[in-house]
Structure formats: C-alpha cells, structure tokens
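Beneath this line is the structure, given in structure tokens, with notes to follow.
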Amino acid sequence: AILAQSQCSKPLPPAIRVPSSMDPKADVAALDKLLADRAYLQGTQATQDDFAKWATIPVCPEQPHAARWWKHIEGLKKKYPLKVWPKGDTGKKEGPKDQANLENILVNAVHGAVVTRFPPEPSGYLHIGHAKAALLNHTYAKLYGGKMLLRFDDTNPSKEKMEYQESIVEDLKTLGLDHEPTTYTSDLIGHFEKDMERMLREGKAYVDDTPADQVKVERDAGTCSKCRDLPVEENIRRWKEMLVGSEEGLTYAVRGKIDMQCLNKCMRDPVFYRCKTDEPHHRHGWKYKAYPTYDFCCAIIDSMEGVTHALRSLEYSDRKAMYHWVLEATGYKHVELTEFSRMNFDYTVLSKRKLTKLVDTGVVKGWDDPRMPTLRGVLRRGLTVEALKEFVMTQGGSRNTNSMSWDKIWAINKQKIDPVIPRYCAIAEQSLVKFTLSGGPATPTVKKENLHPKNPDMGTKDMYVAGTVYLRSEDCQVLTEGEEITLMHWGNAVVEKLEKKGDVVTSISGRLHLEGSPKLTKYKLNWLPVMDSLIDVTLRELGYLFTKPTFADGEDPMDFVNPNSLTDSKAKGEPAMLSLQKGDRLQLERGGYYIVDEVKPLILIEIPDGKAKKISGESRDESWQGKEKNAKAAPKEGGKAAAPAKGGKAADRPLDDVSRLDIRVGKITKVWPHPEADRLWCEEIDIGQDKPLSVCSGLREHFTQEQMQDRLVVLIANMKPCKMKGVESQGMVLCSTGASGVEILAPPASAKIGERVAFKGFTGEPDEVLNTKTGKAPLDAIRPFLKTNAKCEATFRDVPFTTSAGPVASASNVDAPIS
C-alpha cells in the first residue's frame with residue numbers, strides 16, 4: 001500500500017512506500033527488504049506477480065531474502081510448469097481495506113519544511129502507545145520530506161532515571177526510527193527561568209503559597225487565589241526563594257494568570273513552575289531546585305526547536321488552549337497542534353504510574369515481562385516490529401478513541417511470521433501415549449525434513465523415525481482399531497490394537513503402511529520418536545494481566561489483577577529443537593506459534609495468533625482435539641442429544657449464559673455533565689419502572705449533550721450500583737467500538753420502553769444483581785462474546801439481540817466488540 005500523499009505537489013519519498021506488488025524496475029535491494037518478513041511479494045501464496053518479477057532477474061541475487069525467494073519461485077516454476085497461478089493485487093486498492101488515510105492531516109504543512117518531535121519523559125519504559133506516537137511522528141515527517149526530533153522532557157527528577165532514558169533510545173533503534181540529535185528540556189532550564197521572570201514582571205503569572213488541596217477546591221469552584229494579585233516585587237522575591245530551594249521557597253508554586261472562570265478547568269491558573277528537591281536530577285544532579293511543568297516548557301521548547309507540527313494524543317485535548325496561551329504570553333512562534341486517538345486495549349493499562357506499580361509490587365517480573373504492554377514486553381512475546389508498524393498505520397492520525405481487542409495486532413503478526421518460521425513437533429508430557437509399530441526401524445533413524453513445508457529454502461532438520469513413537473493422548477481417544485492414519489512427514493500406519501484403562505486409550509500397537517495414501521486418511525497426527533534425546537520443553541501460556549476489560553473512573557486496576565496470567569506446562573520436543581536460539585520464532589505443528597524465551601532450560605512463550613482468548617489465556621475456539629471429544633460424546637445414531645439447559649434459577653445456569661443479564665430498552669430523559677469527571681455524562685434513563693435508572697457513562701468524548709438527550713438505548717439494568725466520583729450509577733449503556741469509533745446500540749424506533757431484549761435459545765430470569773467478584777462475574781464471562789455482525793446487528797455468540805420491533809443494531813460498526 002502507498003501511504004496517501006499530502007497536499008503538496010512533490011511525490012512521496014520512496015522510503016515510506018509500502019508496495020502491494022513490486023515494480024518490475026525496482027532494484028534487488030528493495031526486493032530483499034520487502035521479502036525480509038514474507039515468503040511472497042504479497043499474501044501467503046505465490047501469485048503471477050512473483051513469477052513476473054522473477055523473470056526480470058536472470059540470476060539468483062546475492063541478498064539473502066531475495067535469494068531465498070528467487071530459488072523458491074524457480075523451484076515452483078520447474079515443478080508446476082503448466083499451472084496457472086492466481087493473480088496478484090490489481091492495483092485498484094492502494095492498501096489494506098483498513099489502511100489509514102494520512103492525507104490532509106497536517107494543517108499548513110509545507111513539503112520539506114515539516115518538523116515533528118517525539119518528546120518522551122524518561123519515567124518508564126516505552127509502551128505500545130508511545131510506539132504509536134513515535135511511529136506517527138516519524139511517518140508524517142518522512143511523508144512531508146521533513147525530520148523528526150527526539151527530545152527528552154526531563155523536568156521531573158522524582159520520577160526520572162537514566163535507565164529509562166537509555167531504554168527509550170534503544171527502543172527507538174529497535175523500531176528503526178531515525179531522528180535528529182537528541183535534545184533535553186532540562187538543558188534549557190536557565191532559559192525557562194528568564195521566560196518565567198518576564199511573565200511575572202508582566203503580570204501574566206504569580207507565585208502562590210496556597211496548599212495543593214485547597215488549590216484543587218478553588219479551581220473546581222472558580223475561586224481566585226488570595227495570591228493572584230500580589231505586587232510584582234513580592235512575586236519576584238518569592239520567585240528567587242524558589243530558585244534557591246529555600247524552606248520558604250518550597251512552599252511556593254508559580255501559576256499562570258489565565259481565567260479562573262473558564263469552562264475548561266485546565267485554564268484556571270495552572271501550575272507552571274514548582275520546586276523539586278527530594279531527588280537529584282539524573283543528568284544535572286542538584287544544580288536546579290525549581291523545575292518548569294510540562295504545560296509551560298513543552299510549548300516553548302517546541303517553538304524554540306523549530307517544530308512545525310506537534311502531534312499529541314487526545315488525552316491532552318483540554319490543554320490545547322493552554323499550549324497556545326503559553327506561546328502567545330511568551331511571544332514565541334505559533335506551532336500547529338495535531339491530535340490523534342490514544343491507543344487503548346482491553347484488559348490493559350497504559351499509565352506509566354500503574355505499570356510502575358505492577359513492577360514494584362512484583363505482579364510482573366520487570367518492564368520487559370511478556371505480559372506487559374511495553375514495547376519490550378510485546379516484542380519478547382513474539383510481536384514483530386513490522387506487524388506493529390502495520391497495525392499503527394491502520395489507525396494513522398484518526399481521532400476515534402476506543403478500547404481495542406489485542407486480536408487484530410496478533411492476527412497481523414501471524415501473517416508476517418507464518419511464511420518464514422520453521423515447524424517443529426512437541427507433545428505435552430502428560431499427553432504422551434506410545435504407538436508400537438511393526439515394520440519400523442529397530443533403532444531411531446534420521447531422515448532429512450524441510451523446516452517449512454511450503455518454503456524449502458529455509459533448509460532442513462534432522463527428523464528421527466523409530467519403531468515406537470509417541471502420539472497425543474487427545475488424538476488417540478478418537479481412533480478405532482483397523483483404522484489407517486497418517487504420521488505427519490513420515491507416512492501411513494494402521495491401528496491394530498487399542499489398550500484401554502476404562503474408556504481411556506493408554507497404548508496402541510499397529511504396523512507401518514508407508515505405501516498408503518495420506519489423501520485417504522481422516523487423521524494426520526503429530527508424533528515423536530521414543531528415544532533418549534528428546535528435548536525437555538516448557539510451554540508458557542500467557543493471559544491478560546487483569547480480569548476486567550475496562551475500568552471506570554475511580555476503579556483501581558490493582559483490584560482486578562489476574563492471578564492466573566501465566567501457566568507453564570511440560571512437554572517433550574523433537575531433537576532438532578536443540579538448535580533453537582533465544583528470540584527464535586517457530587510453530588509447533590497443530591500446537592500454535594512460539595518464541596524462544598530461554599534456551600537452557602528451553603522455555604517457549606506462546607505467540608497469540610489473533611484468535612480470541614479467555615482471560616486465563618486459553619483459546620476460546622475449540623481445538624481439533626476438543627471438537628473430536630465433543631463428537632465422540634455425541635449420541636449414537638437414533639439417540640437424542642441432551643438439550644442445552646434453559647431457564648431455571650440464574651445461579652444454576654452457566655456464568656456465560658446471556659439470559660443472566662437484564663438487558664432493557666430505555667430512553668434517556670435527562671443528561672448532564674458529571675460534576676467531577678470530565679469524561680462522564682450523568683443520565684436518567686426511563687426503563688418503564690416507577691423511577692428512572694441513574695447511569696454514568698463514559699461517552700462525553702464521543703457524544704454531545706444534545707445527541708444523548710431523548711435517545712433510545714439498550715442497557716444492562718441489573719448492574720451492581722456503584723459510586724462513580726460520588727454519583728451513583730445503576731446500569732450500563734451498551735455501545736459498539738469499531739472502525740467508525742464508539743456507537744451507541746440502538747433498538748428499533750417502535751421498540752417498547754422497558755421491554756427486555758431477548759436471545760433465541762436463551763431463556764430464564766436474570767440475576768437480581770450481577771456479581772462482580774473475580775471468577776463469579778457473569779458479565780466478565782459474557783462480554784467477550786458480545787459483538788456486532790456483518791449486518792451491524794448486536795449479537796451474543798452470533799445470536800441477535802431481539803426486541804418486539806426487531807433487532808438491536810449499531811449504526812455502521814461491523815464485527816465490533818460490544819461493551
């Protein structure tokens with residue numbers, strides 16, 4: 001795909017082109033770079049584009065990735081000389097269907113003159129949200145032929161460390177992002193001191209000794225500080241005390257004199273300078289006693305360094321007016337602000353303060369713990385930089401804020417790694433069942449086998465065959481005597497005798513039938529030779545760090561830490577796995593994707609593949625073995641299957657039975673801003689009862705008061721009442737979150753207010769009040785199965801939400817989670 005061109009007339013630089021098919025005139029170096037993380041020019045199979053490009057290169061290239069591809073295409077051409085290969089991309093689509101359009105995002109941009117900046121605070125390791133910011137700044141700079149600056153906003157010594165600073169520099173190298181020489185905000189503190197003194201003399205700021213708690217109360221009430229109109233001389237005297245960090249100076253803070261009645265509370269005389277003497281600065285030691293706040297120094301240094309476009313996430317939206325006020329008050333040149341959505345993921349926190357708490361309390365084993373959303377964490381878990389970049393580019397500079405599932409980014413990652421990683425076999429120790437074969441070799445015998453069945457250029461491994469092999473116990477339970485099966489990468493065998501203990505197969509005997517056709521067998525099974533040199537393997541499965549997908553204002557994520565987020569199981573692996581190195585990615589056939597975390601002992605971390613997971617990490621999709629178990633448990637011909645449990649007491653039904661939710665049609669009759677939380681609307685919702693429900697919903701960033709008033713909604717009416725910043729909330733309005741942003745689910749206009757939403761096949765009374773305790777909460781178990789379908793209809797396990805007037809639907813979100 002080609003990132004959309006800007007308003008300027010000059011062509012985009014080649015460095016940011018991501019071609020969907022190679023230009024026949026492209027040089028081999030570009031081809032090699034493209035093929036570094038894929039087997040073919042596009043997709044997961046060879047196309048006519050591959051053969052057309054191959055024909056333009058008469059001899060095998062020297063570059064490794066291009067050479068691998070060239071030899072593979074040559075082999076396919078020889079093996080299938082008459083085959084008609086599928087066509088590649090026609091070129092009508094300029095990128096993935098959800099590729100973000102970056103056109104017209106930067107206001108007043110001039111090609112060749114754009115300067116962006118990535119300004120991290122060295123108070124923690126980069127997380128995936130920071131990576132998005134860095135990638136967007138870098139992409140826009142290259143898009144407009146400009147440059148990106150790296151600046152450390154290091155004016156809070158109590159939180160900052162050299163360790164964090166060095167890790168950020170290393171992480172940007174990992175992302176492959178080039179930038180101008182690094183600068184530091186703290187190096188210009190002397191300059192900021194002069195700017196602040198000038199503002200004090202001009203009456204644009206004042207030095208306040210009001211206690212912090214009282215300042216908060218006064219700002220909320222719009223009450224001016226008693227120090228607001230101090231004489232200039234007194235402000236300067238106090239300012240000097242701050243600069244030397246005297247006992248008196250420590251009681252002061254400099255506040256900008258803006259507007260204490262402004263509806264935007266951020267503009268109510270914010271703090272611009274404060275004393276920091278509890279910790280030495282990680283670069284300047286004890287040189288400074290007073291430091292500027294981010295709100296003051298960021299705008300100034302952006303302008304001083306020549307930044308033309310400052311990209312910031314929407315969490316700073318309320319501070320936009322303050323940014324421009326500082327520039328105007330200090331006389332610095334205007335800087336364009338461009339806002340993009342913050343990256344939020346379900347079951348995840350991205351606050352550095354909260355991530356630090358996870359590390360400090362031992363919930364995780366460091367900032368690079370593979371359960372952490374830090375860049376180092378997700379890469380250690382097996383995410384590729386290429387997948388991360390592609391995922392970020394699907395969002396671009398969009399302002400749609402939503403909490404996303406992790407599934408999409410891992411699905412992209414699977415597309416990247418599947419064509420280029422080797423295959424091995426490993427079987428859980430508790431699942432090993434011996435299969436004794438007549439006609440097999442008396443001692444283990446080695447044979448060569450391709451590391452990748454579709455990519456012979458990846459090389460081969462030593463695979464051992466033996467007269468006795470291990471099968472998976474799950475596989476053995478579905479076999480029958482006399483049945484012919486295929487032992488993958490070896491050949492067919494006939495099952496002659498099943499030894500059982502009760503109903504469980506404990507061992508098998510049979511004979512090899514290598515001349516048999518694998519096309520005629522039902523089961524193609526993994527196996528291991530019975531031999532002493534099998535490898536001990538630990539398979540590590542990771543779940544979410546939290547049991548709750550999102551957190552309401554006032555909720556502490558630490559109250560919802562998942563105690564089962566890491567599970568280890570022992571397995572045996574084939575001898576060829578002895579060559580694996582730390583960081584290698586691989587696939588265990590019929591077992592998933594993994595990355596080598598440790599070599600001695602061999603520990604493999606499962607790489608998610610984009611399929612939904614339970615909180616513990618276990619896949620919600622039934623495995624092949626699980627399906628076979630269910631098939632075996634099905635009634636014999638002529639028998640009747642047991643009907644799923646319906647009705648009955650709520651407590652007697654499964655946690656994930658949607659009928660335990662009391663979902664009602666309601667109408668918002670009153671809506672007003674929450675007095676304490678800027679993101680919340682307070683609503684009264686009529687559900688046909690004597691009194692309306694009081695509900696607080698986090699929709700203030702997405703819908704205006706007018707859009708909310710008199711709106712028909714569907715809501716969960718049996719939530720446990722809770723205080724949200726002092727206001728009781730008794731229900732939850734249901735919304736979808738997808739490509740179109742957040743959309744409120746809408747019942748048909750003729751639906752009856754108060755009627756209960758129905759689900760075909762699910763009956764029974766709802767819980768009186770939903771339990772919210774970990775492991776006992778129906779909503780936590782049901783939520784992962786709530787989504788919109790291809791028709792935008794709201795569904796639970798593909799069963800539509802239904803009212804007397806028809807289905808409940810989202811306006812335009814397709815296949816989007818509901819919460």
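Just so you know, all these numbers are worked out from the coordinates, no wet-lab data involved. These numbers come from a predicted model, not from an experiment. Positions of Cβ are backbone-derived with ideal geometry, glycine not excepted, and every protein chain shown enters the neighbour counts.
Observations on the model:
- Taking the chain and dividing mean pair separation by its residue count, relative contact order in percent (alpha carbons under 8 Å, at least six apart): 8 percent
- Overall form of the stretch 751-810: oblate. Here a/c, set by the Cα gyration tensor axes a ≥ b ≥ c, is 1.5 or more, and a/b is not larger than b/c.
- 3J(HN,Hα) couplings calculated from phi for the stretch 569-576 with the Karplus curve 6.51 cos²θ - 1.76 cosθ + 1.60 (θ = phi - 60°) are, in sequence order, 9, 8, 8, 10, x, 5, x, 4 Hz; Gly and Pro show x.
- Placing dummy labels 7 Å off each Cα toward the beta-carbon, the span from Lys71 to Asp690 is 8.2 nm.
- Cα-based Lys proximity count in the stretch 307-401, under 30 Å, for pairs eight or more positions apart or on separate chains: 12
- In this structure, Asp815 and Glu315 have a Cβ-Cβ separation that, at R0 = 30 Å, corresponds to a calculated FRET efficiency of about 0.65.
- Along its principal axes, the stretch 358-424 has C-alpha extents of 43, 37, 16 angstrom, given from the largest down.
- What the phi angles of the stretch 276-287 give under the Karplus curve with 6.51, -1.76 and 1.60, with θ = phi - 60°, is a coupling list of 9, 10, 7, 9, x, 5, 5, 10, 10, x, 9, 4 Hz, glycine and proline written as x.
- For Asp208, the residues 5 or more places off, or on other chains, whose built amide H falls under 5 Å of its own are Ala253, Val254, Arg255.
- Angle in degrees between helix 385-395 and the longest Cα principal axis of the chain, rounded to the nearest 10: 60 degrees
- Taking amide hydrogens as placed 1.01 Å from N in the peptide plane, the amide H of Asp259 sits under 5 Å from those of Asp269, each at least 5 positions away in sequence or on another chain.
- Student exercise, the chain dipole from Lys, Arg, Asp, Glu Cβ charges, in Debye to nearest 20: 1800 debye
- Per-pair calculated FRET efficiency, R0 = 51 Å: Lys87 and Lys522 via Cβ, rounded to 0.05: 0.90
- Computed over the chain, the ratio Rg/Rh where both radii use C-alpha atoms and Rh is Kirkwood: 1.01
- Considering the stretch 148-248, its Cα convex hull presents a mean projected area of 9.3 nm².
- Only beta bridges with both residues in the stretch 226-343 are counted; by DSSP, about 60 percent of them are antiparallel.
- Across the stretch 50-58, computed HN-Hα scalar couplings (Karplus, 6.51 cos²θ - 1.76 cosθ + 1.60, θ = phi - 60°) run 4, 6, 5, 5, 4, 5, 8, 10, x Hz from first to last residue, x flagging Gly and Pro.
- The stretch 760-819: relative contact order in percent, alpha carbon pairs under 8 Å with at least 6 residues between: 29 percent
- Length added when fully stretched, Leu514-Glu589, from 0.36 nm per residue minus Cα-Cα: 24.9 nm
- 5 angstrom amide H check on Gly738, placed H, neighbours 5+ away: Glu743
- Ala221-His324 FRET efficiency (beta carbon distance; Förster radius 30 Å; 0.05 resolution): 0.75
- If you model the stretch 715-782 as an ellipsoid using its alpha carbon gyration tensor, with each semi-axis the square root of five times an eigenvalue, the axes come out at 21, 19, 15 Å, biggest first.
- Between the stretch 201-264 and the stretch 480-502, the alpha-carbon center distance in angstrom: 83 Å
- Cα→Cβ-extended label distance, 7 Å offset, between Thr538 and Ser246, nm: 5.9 nm
- Cα-based helix-to-principal-axis angle, 212-221 vs the chain, degrees rounded to 10: 80 degrees
- Peptides 59-68, 248-257 ranked from most to least packed, by the mean per-residue count of other Cβ atoms within 10 Å: 248-257, 59-68.
- Against the main long axis of the alpha-carbon atoms of the chain, helix 407-417 sits at an angle near 60°.
- Over the stretch 278-364, all Cα pairs binned in 10 Å intervals from 0 give whole-percent P(r) values of 14, 31, 31, 21, 3, listed from short to long.
- Label-to-label distance, nm, for residues given as Gln214 and Thr182 (7 Å Cα→Cβ offset): 4.3 nm
- Convex hull per residue volume in Å³, alpha carbons only, for the stretch 176-332: 135 Å³
- Given their separation in residues at 0.36 nm each and the Cα-Cα distance between them, Glu499 and Ala30 gain 163.0 nm when the chain is fully extended.
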